[in-house]
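The values are calculated or read from the model by the stated rules, or taken from the named source; none is laboratory data. Quick caveat, the model's predicted, so the values are computed rather than measured. No Cβ is skipped: glycine too gets one built from the backbone with ideal geometry, and neighbour counts run over all protein chains shown. Surface areas here come from the heavy atoms of the whole protein model, side chains and all, with no ligands, DNA or RNA. Shrake-Rupley method; radii C 1.70, N 1.55, O 1.52, S 1.80 Å.
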Protein chains: 4
Amino acid sequence: MPRKPTLTIGLIGHRFMGKAHSNAWLQVSHFFDLPADLRLKTICGRNRAAVKMAAQRFGWETAETDWLKVVADPAIDIIDICTPNDSHCEIAVAAAKAGKAILCEKPLAIDVPEAERMVNAVRRARVRNMVCHNYRRIPAIALAKQMIDGGEIGDRIFHFRSRYAQDWIVDPNFPLVWRLQSNAAGSGALGDIFSHIADLARYLVGDFREVQATMETFIKQRPLAGRDRRARRSGKVTVDDAVTMVGRFHNGALASLEATRFAPGRKNSLTFEINGSSGSLCFDLEELNRLRFYSLRDKKGRQGFREILVTEPSHPFMKNWWPPGHLIGYEHSFIHTVADFVIAVVTKAKAEPTFEDGLVNQKVLAAVAASAKLNQRVRL
Amino acid sequence: MPRKPTLTIGLIGHRFMGKAHSNAWLQVSHFFDLPADLRLKTICGRNRAAVKMAAQRFGWETAETDWLKVVADPAIDIIDICTPNDSHCEIAVAAAKAGKAILCEKPLAIDVPEAERMVNAVRRARVRNMVCHNYRRIPAIALAKQMIDGGEIGDRIFHFRSRYAQDWIVDPNFPLVWRLQSNAAGSGALGDIFSHIADLARYLVGDFREVQATMETFIKQRPLAGRDRRARRSGKVTVDDAVTMVGRFHNGALASLEATRFAPGRKNSLTFEINGSSGSLCFDLEELNRLRFYSLRDKKGRQGFREILVTEPSHPFMKNWWPPGHLIGYEHSFIHTVADFVIAVVTKAKAEPTFEDGLVNQKVLAAVAASAKLNQRVRL
Amino acid sequence: MPRKPTLTIGLIGHRFMGKAHSNAWLQVSHFFDLPADLRLKTICGRNRAAVKMAAQRFGWETAETDWLKVVADPAIDIIDICTPNDSHCEIAVAAAKAGKAILCEKPLAIDVPEAERMVNAVRRARVRNMVCHNYRRIPAIALAKQMIDGGEIGDRIFHFRSRYAQDWIVDPNFPLVWRLQSNAAGSGALGDIFSHIADLARYLVGDFREVQATMETFIKQRPLAGRDRRARRSGKVTVDDAVTMVGRFHNGALASLEATRFAPGRKNSLTFEINGSSGSLCFDLEELNRLRFYSLRDKKGRQGFREILVTEPSHPFMKNWWPPGHLIGYEHSFIHTVADFVIAVVTKAKAEPTFEDGLVNQKVLAAVAASAKLNQRVRL
Amino acid sequence: MPRKPTLTIGLIGHRFMGKAHSNAWLQVSHFFDLPADLRLKTICGRNRAAVKMAAQRFGWETAETDWLKVVADPAIDIIDICTPNDSHCEIAVAAAKAGKAILCEKPLAIDVPEAERMVNAVRRARVRNMVCHNYRRIPAIALAKQMIDGGEIGDRIFHFRSRYAQDWIVDPNFPLVWRLQSNAAGSGALGDIFSHIADLARYLVGDFREVQATMETFIKQRPLAGRDRRARRSGKVTVDDAVTMVGRFHNGALASLEATRFAPGRKNSLTFEINGSSGSLCFDLEELNRLRFYSLRDKKGRQGFREILVTEPSHPFMKNWWPPGHLIGYEHSFIHTVADFVIAVVTKAKAEPTFEDGLVNQKVLAAVAASAKLNQRVRL
């Protein structure tokens, strides 16, 4: 048996996503039989103390504060980008030029032109590339995809309806953090959470043909954060709080999507329902080990929404974990994502969603924003 | 104690809604202490045998086939209109001229001009008038209204999201019944079920300011019904199968509404969620005795969606039924509706939703249809 | 076509159960095609004013205060007994002697000897007899029975587990009403609600072989009701507050039953789960239009508890009501019960559960009480 | 700041529990700020190849096949016992003698005398000791404990009702594995899963006073496993398939417990409901991030079971993981367990549940088995 190759990882970003990705890179080898050994070499962040602590905690060999050095490191095979959105493009383009395989957090970029530059860069450099839309690899969602592809809800889809709802900024005294400022964040609920359900829509149903959207900023002024807070000064919120959209897919299905940070009680509630000609599927991220399935092919009088506990060895990713009935959590979606990315890198296969998918996602976001501004339908 | 007055009822229509209304007129006196005795005098329908059977079954004194005679009957105080939509206007205008109080099934009319004629007729005649949007009087929905009015979800509403989904025409071999032909039905899902959630939106949140909608007819040809069926001929479906809409209310809340007959597994699923500045409310018609309530005012760490079983004596309408925990069903919403209408007639109070509400509802439907056609926002 | 016979009803009792039965006798003809016309002749109760009001409200021709006269009335065909438990026996025996068909509220009697006298009386008189265990005729429960009989959960049952939980006497200041005194009520949770789940156990699984039980009275002294209350005197609670039981059925299945009035939040929560060799069924009275079904015969990886909305025309009793997805309530179980009783009376068929079933139920209650007292297993 | 001490771990057992514990020892330092550094030194198992692979996968320095060497290793501070039940006692006694802190999988031993020897051994040696009843440290269950201790469901508990249900041996062709043979496993559902809910009962409510139980082996003969299988020979099942129990706690509450491997559709379903004088709590392991709470102190008419999503930073253990609304899984309960054990070892505090708790648990199991055999109540 030939020895496995080793893939060396450099992770840029060390906060929420950096933690989720660090854990994924560490854990994946404990539960998955990968075609490569992984070496966690460098984690990079601007705050030296914080990044050192993250390195120590998750076992990265080096802590770095200059991402250019990480990209330039010839030992590194994979660059994983977990920084705020406005730096994705620059880092990814550099990493591509340096011949690295790239995993990039979503949304791919701050706008369509940036995303296009990134796509061009990875194409030219012929490097593996993937956007970390981790929810595609929640087992219940991967199972939904299998079932749709296998015709289990019929040969035609009528409706895709999804909502991603949170409630963390309902309080008008919640401060004006960078995520609420467009220069830093690009957009609000749109890029942060709507982008997830737009990706799932494409993954499960197909490409959008047209959209009509309404966007809203419910709280237009907020107290400044940090030191300015004590001065009781406030500033303008320059991103959207909520996005609602209806539209059509190319295959004729109707779409209804909504993202909001103003739904009290909905902490991280990503739900969807898909209605096809032979059945329906429903999912709720707050019950992520379940998939609800209704089949018109069940015997009459015995039909009903069936709650599949997606913990069987036959379900996507699950044979690597625990016996049936033992739940997995949020972080596992990242582990599955890096597992598939490693396989793609080793086997030189496409790692979906690719940067091209990320670009299309960005175009959907742009169309939604345009429609909301123009008050009319925008075609894609 | 003065003797109660007697109100005499004439019911026009004897099928699905005729059955629901007959039951309501019969049952209401068994469970509610009304300020009037009710006399069920005439039920009217075009099929003599069927209407006779209905009369006998529900204890109507007379079966009639000519609605003009019912309207002309001086003994009758209340005309209850349960006919197909295209005859509502003519009957209601005649009934108003005859000085009758009028309860009319929804949608009020086939279009806005008809609805305006009806409003003018009842205004001129100064007769009590009500549209039978029976879902307003499901106890859980009436409780939601009380809670919103009492500020229990805050002083501001951010989102109203509702779907009315059914699945009875998913099969492409389902025949081209009259409900799928625009000349008879006016519209499809729009008038039949979207009108219900548009009414609830207004009841619970307020008036719409603007809408953007997409409508679709998924199955465009269907086998003809009846005799033509055997000839295997088919005809064109001329109404919508599904409506999706986003929009705004005058108070700044966002709306997201959807009505469809193409959701396998959803038999009569009217759901809504309302998010306010202090909490949220959720409802599902397939669990109609429940209201889900999340309150940001609950103690931190103990917050959660709470399932109120709306069967307490303090809940709207419930003290008339059974002890706590004993469920009521669909038909009870009609009983509550006629109870309130009788009270309004006796006390000469407004019976909401009035024909004016029905007219506004009709305008919303028209705006939705216009937006779907024009592919742009339509203001109300 | 021969004219239908007319069956004349005399109802004894006019409170909670009297209201439920009055409604049932009235409503059944509106929705079911019975083989007899029904005449609601007499309602009987000790409080003249109250029984008169009940008669008027539900359309009984006569209000009576002496049940002997009702039983003696030659015009009456059916005696329906809704009085407190301690008078069931005397009335039923007299009614049987008078040749009446008898519907009797559960539990059949106050103890086994009484129940035996009742069984003997109806046997000797050869009159139709039925105990009103109305929950057997909730459509979802009747469907469960059909499915079990049809082998849909396999040829063998392993477990029957049921709980009937309420919370109306959790407050220690709730007064010592007659239901909490053994001379009037016989027993507490045992006869009142445990008897229901014991009946369902026999209906769905079969006869008990042995039981082991624990019973408890949590609050042993309570304030006296009524006038005595103001004197702040208290009295002894002489019935059980809760019953828990494990045991075996003759067919080898295990039983686990519990009845309690001390479960905050459980208003009228009768739940059961049955596990068979090929599947499971679950029911909850607070969601009475649903039956949950898990089938090991479903395709691997697609198995899950399926929520059957029991509102299809093919489901028991449902074709008489509304279209699929339209819920029915608690009171409908009584309507279905009297419908079946009327059919049994006309066709001279057995009306299950018969008084013999009621007697067996009483024996189960006695065995449970004995086991709790003796602290050992009691065989049946 | 003084340097943290290092604790060195030796893990004995490498299959299902070995995997869960390996992961816990690895992960705990990534997410918890422990008062010690952990060194994963030795993993031990009888199958050399398998244990080597486990060592490599989870980063244990050494793979060992002789547990005596692990216990004798002076470098090792903590012995973690994950072997089958029949070797717990011998290993633990040796480890105690060697002065090691001991974490032992449940049930503590094969019977009461063994458990007593283990308790004596750790007492004499004064070593930290803990039984791995990992479910105590599921955040929702730890929260339930906090709420009960804080009086949130009142000053008195009426009922504890729990079921642990699985379905993995419903198929009569499932082979006679060692878990179904009493010499190897001690008991069936009793020791394997009933022991978990007996522990939770004690944790949440208190000590048992008396029990009455029924046990059953539904499938009494099964095909032999492995080579014998091909010979189509079968053997006798010598353990219980299911246990049902009722009983009382010392504080007067009633208990109702059930464990079964014969509940189709229940994969790993541990549920409980606790009813107190002011409210109720419900939990389901298949939705382990949730706790349902009903409070009689909520405003009248607004009461309802509230679903607390136990993912807030204020909830036990959760501030170490992800933002609110992000779920954790089964394996996290082990991470929390070793975190608390490490703290107890460093601070020399009691690590509950201790071996004494394990002994009491064993006595409960013995009482249940005795009651089932004697068909009578057994006091504890």
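Quick notes on this one:
- Pair list, Cβ < 6 Å and 6+ apart or interchain, from region A:292-319 residues that are within 14 Å of chain B (Cβ to nearest Cβ) to residues that are in a loop (DSSP other than H, G, I, E, B) and of a type in the set (D, E, K, R): A:301/C:312
- Whenever a residue of region C:121-132 is under 18 Å from residue C:106 (Cα atoms), its partners that are assigned to a strand (DSSP E or B) and among the β-branched types (Val, Ile, Thr), lying with C-beta atoms within less than 6 angstrom and at least six residues away or across chains, give the pairs C:129/C:102.
- Residue match in region D:359-377 (condition: within 14 Å of chain A (Cβ to nearest Cβ) and among the small types (Gly, Ala, Ser)): no
Conditions (1) at negative phi; (2) open to solvent by 30 Å² or more (accessible area, probe 1.4 Å); (3) out of contact with any helix residue (DSSP H, G or I) (no Cβ under 6 Å at 6 or more places or on another chain), marked per residue:
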residue	(1), (2), (3)
C:299	yes, yes, yes
C:330	yes, no, yes
C:339	yes, no, no
C:344	yes, no, yes
C:352	yes, yes, yes
C:369	yes, yes, yes
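- The lone exception for residue A:335 - which of (1) over 21 Å from residue D:327 (Cβ atoms); (2) surrounded by 23 or more Cβ atoms within 10 Å (Cβ to Cβ); (3) not acidic (Asp, Glu) it fails: (1)
- Only residues that are of a type in the set (Asp, Glu) and open to solvent by less than 10 Å² (accessible area, probe 1.4 Å) were counted in region C:253-285, giving 1.
- Candidates in region B:120-132 are the residues that are open to solvent by 10 Å² or more (accessible area, probe 1.4 Å) and not aliphatic (A, V, I, L, M); of these, the one that is farthest from the other protein chains (Cβ to nearest Cβ) is B:124.
- Set D:65, D:83: member being among the β-branched types (Val, Ile, Thr) and open to solvent by 30 Å² or more (accessible area, probe 1.4 Å): D:65
- Contact annotation: residue pairs with Cβ atoms under 9 Å, 6 or more positions apart or on different chains, pairing a residue in region C:221-239 that is among the hydroxyl-bearing types (Ser, Thr, Tyr) with a partner that is surrounded by fewer than 15 Cβ atoms within 10 Å (Cβ to Cβ) and at pLDDT below 70, are C:234/C:228.
- The condition of being closer than 29 Å to residue A:146 by Cα, part of a strand (DSSP E or B) and within 14 Å of chain D (Cβ to nearest Cβ) holds for residue A:271.
- Scanning region B:311-328 for residues that are open to solvent by less than 20 Å² (accessible area, probe 1.4 Å) and on the phi > 0 side of the Ramachandran plot returns a single hit, B:325.
- Just one of the listed residues (A:291, A:281, A:359, A:296) is of a type in the set (A, V, I, L, M, F, W, C), under 18 Å from residue D:286 (Cα atoms) and modelled with pLDDT of 95 or more, namely A:291.
- Tally, over region D:239-259, of residues that are at the interface with chain C (Cβ under 7 Å from one of its Cβ atoms), over 22 Å from residue C:218 (Cβ atoms) and in contact with a helix residue (DSSP H, G or I) (Cβ under 6 Å, 6 or more places away or on another chain): 1
- Boolean, residue B:234 is touching a strand residue (DSSP E or B) at 6+ places or on another chain (Cβ under 6 Å), within 11 Å of another protein chain (Cβ to nearest Cβ) and closer than 26 Å to residue A:275 by Cβ: no
- Test: residue A:52 is out of contact with any strand residue (DSSP E or B) (no Cβ under 9 Å at 6 or more places or on another chain), open to solvent by 30 Å² or more (accessible area, probe 1.4 Å) and of a type outside the set (A, V, I, L, M, F, W, C): no
- Enumeration of residues in region B:106-119 that are touching a strand residue (DSSP E or B) at 6+ places or on another chain (Cβ under 8 Å) and open to solvent by 10 Å² or more (accessible area, probe 1.4 Å): B:106
- Matching residues, region D:278-291, being within 14 Å of chain C (Cβ to nearest Cβ) and out of contact with any strand residue (DSSP E or B) (no Cβ under 8 Å at 6 or more places or on another chain): D:287
Residues are listed down the side, and each one gets a yes or a no for (1) open to solvent by 30 Å² or more (accessible area, probe 1.4 Å); (2) over 26 Å from residue C:126 (Cβ atoms); (3) over 24 Å from the mean Cα position of the chain (by Cα):
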position	(1), (2), (3)
C:22	no, yes, no
C:37	yes, no, yes
C:40	no, no, no
C:44	no, no, no
C:58	no, yes, no
C:69	yes, no, yes
C:88	no, no, no
C:95	no, no, no
